[in-house]
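First comes the structure, then the notes that go with it.
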Amino acid sequence: MPAEVDGENFPRLLTVAAIYGPNASGKSSLVRALSVATRLTHRVAAPDAAKLPVAPFRFDPDLHQEPSKFEWHFIAQKTRYSFELSSTAERIHLERLIKYTKGRPDLLYERTLQGDRDKYEFGATFEASPELRDAWSKLTGGRMLFIAQAVANSSEDLKQLRIPFTWLSELSIVEGSFRGAVEVSERLMAEFPSFRTDVATLLSDIDIPIAEISVELPPDAPALKEIFSDEGMDQKKVRAAFSANRAKTTLVHRTALGDASFELDEESGGTKNLIGFALPWLTLNGDGKVRRSGLIVDEMDSSLHPKAVEALVRRHIVSDTRAQLIFTTHDTHLMDTKLLRRDQIWITERAADGSTQLRSIHEFQGRDSEDVEKRYYEGRYRGLPILRST
C-alpha cells in the first residue's frame, strides 16, 4: 500500500505479513516484543507498579543484567516517527521519540538513566513549556513511560505527543487464544447493537450460519466505560468485574430445517475464538475507517479452518484500511493460494546461539510464480524443524 508521508518519497508498505517457522523459533517472542510499548501505554501509575514485561536474552550470560532494546518505526497522521525503548524488568533505562520532518530526524525528547536518576533532553521544537516538562518528568516513575504521563496530564491543545502516543496505544496485539477477548466482545454486543450485527455478519461470511445474536446482562451490571475507567484498568479489577457480571449470549443458527438457539457455552471453540477475534478485527476492518494502528496476531490459525483464515486475510487486503495485519501461523495453505506475494511471507529461524533470525522469502532466489509451499517444505527457505528419526 502507498505510504502517505508529508515531505518524503517513502516506499510502499506491506498490507499483510505472514510469519512462519518451527516451534520455539521465536515467533511468539517477536509478537511479545512488538507488544511491549502498547502494554506500557496502558499501565496505571502506582507506587508498587508491577515489573515491566521485559526479559533478557538468557542464552548469553553477559546480557542477563543488560537492558533489552526495542525500536518502533511508524507513520501517524502522515508523519514518520521513531520510538526507542531500553529497559529491564526493573525500570526503563532509555526512552526516545524522534519525529521526521521532510525526512530529517527531529528529536522531541530523550530520557536516559544516569546513576539512579532520569535525565531529560528536549528538542528545540518540543511544544510544552519548561514548567510542564519538569512536572511531567517528576510524575514519571522508573516503570512508567514519559510519553504516557505527559499525555495523561496535558490538555487537548498539546497534540505533539498525543499523535504518536495514540498510534502506540492503539496497536492491537492478540497473543494466545482469542477467548480472552470474548467477554469484552459480549459486552460490546450488549451495549452496541451495530457491533452485534457486525459480529453476526462476520460469522455468517465465513460459513457459520448465525442469523441473530442476543446478549443479556444483569440489571445492575456496570457499563464498559465504568469497568475500563482509569481506576479500573488494573487487570485483576477488570477480570473481577466481568466475573461478577456474566453475560448470557445466545446465538440463533439458521438451517434448512429452521432456526435453533444455542448459548455461547454450547458453541465450538472456533466460534468462540471468532467472537473474541471480532473485537480487534472489526476495529481494524469494520467500516473501512482506521481505528487501530495495526493488528498483530500470534497463531491466527488457532481453532480456525484454513479457508476461514484465508477469507479474513483476503478481506483485509481488499479493504481500504491503511493499517497493517501481521500474524504468525503454521498454516502453509496460505502459501499456495496466490493470495500473498513472496515479500509478504516471512520465516523465523533459530540460530545456533538460540537467537531468532527473521527474513522474507523474497531474500531467496525464486520467481513470483513458483510453488512457494512446495519449496518451503523442500527447505529452500530454511525455517523447518529438524526432526530426528527413532
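Per residue, the Cα convex hull of the chain amounts to 193 Å³.
As a quick test, which of the pairs 102/338; 27/99; 272/338; 138/159 have an alpha carbon distance above 27 angstrom in this structure?
In this structure, 102/338; 27/99; 272/338 lie more than 27 Å apart at Cα.
Note on residue 8: accessible area is roughly 40 Å² with a 1.4 Å probe, heavy atoms of protein only. Please give the net charge around residue 150, taking every other residue with its beta carbon less than 12 angstrom from that of residue 150, where Lys and Arg add +1 and Asp and Glu add -1. Here the count lands on +2.
Largest first, how would 318, 252, 309 line up by accessible area (1.4 Å probe)?
On the way: 318 115, 252 25, 309 0 Å².
Result of the area sort, largest leading: 318, 252, 309.
Among residues other than residue 216 with Cβ under 11 Å from its Cβ, the summed charge is 0 (Lys and Arg +1, Asp and Glu -1). Calculated accessible area for the chain comes out at 53 Å² per residue, all protein chains present (probe 1.4 Å; ligands, DNA, RNA ignored). The share of accessible area on the chain that comes from carbon and sulfur is 49 percent, using a 1.4 angstrom probe.
Rounded to the nearest whole Hz, the Karplus-based 3J(HN,Hα) values (6.51 cos²θ - 1.76 cosθ + 1.60, θ = phi - 60°) of the stretch 99-109 follow the sequence 10, 9, 9, 6, x, 9, x, 10, 5, 8, 7, with x at glycine and proline. Protein-only accessible surface at a 1.4 angstrom probe places the residues 131, 373 in the order 131, 373, largest first.
Looking at the chain only, what percent of DSSP beta bridges run antiparallel? Nearest 5 please.
Details: 48 of 63 bridges.
Beta bridges within the chain, antiparallel portion: roughly 75 percent.
The order of the peptides 66-75, 82-91, 163-172 by mean Cβ neighbours within 10 Å, most packed first, is 163-172, 82-91, 66-75. Rounded to whole Å, give me the distance from the Cα center of the stretch 130-184 to that of the stretch 14-65. First find each Cα centre; the distance between them is then 17 Å. Across the stretch 20-33, rounded Karplus estimates of 3J(HN,Hα) from the backbone phi angles (6.51 cos²θ - 1.76 cosθ + 1.60, θ = phi - 60°) give 10, x, x, 4, 6, 9, x, 4, 5, 5, 4, 5, 4, 5 Hz, Gly and Pro being marked x.
The values are calculated or read from the model by the stated rules, or taken from the named source; none is laboratory data. Worth saying up front: this structure is predicted, and the values here are computed from it rather than measured. With ideal geometry, Cβ positions are generated from the backbone for all residues, glycine too; neighbour counts draw on all protein chains shown. The protein model used for the area step is the full one, side chains on, heavy atoms only, and it has no ligands, DNA or RNA in it. Shrake-Rupley method; radii C 1.70, N 1.55, O 1.52, S 1.80 Å.
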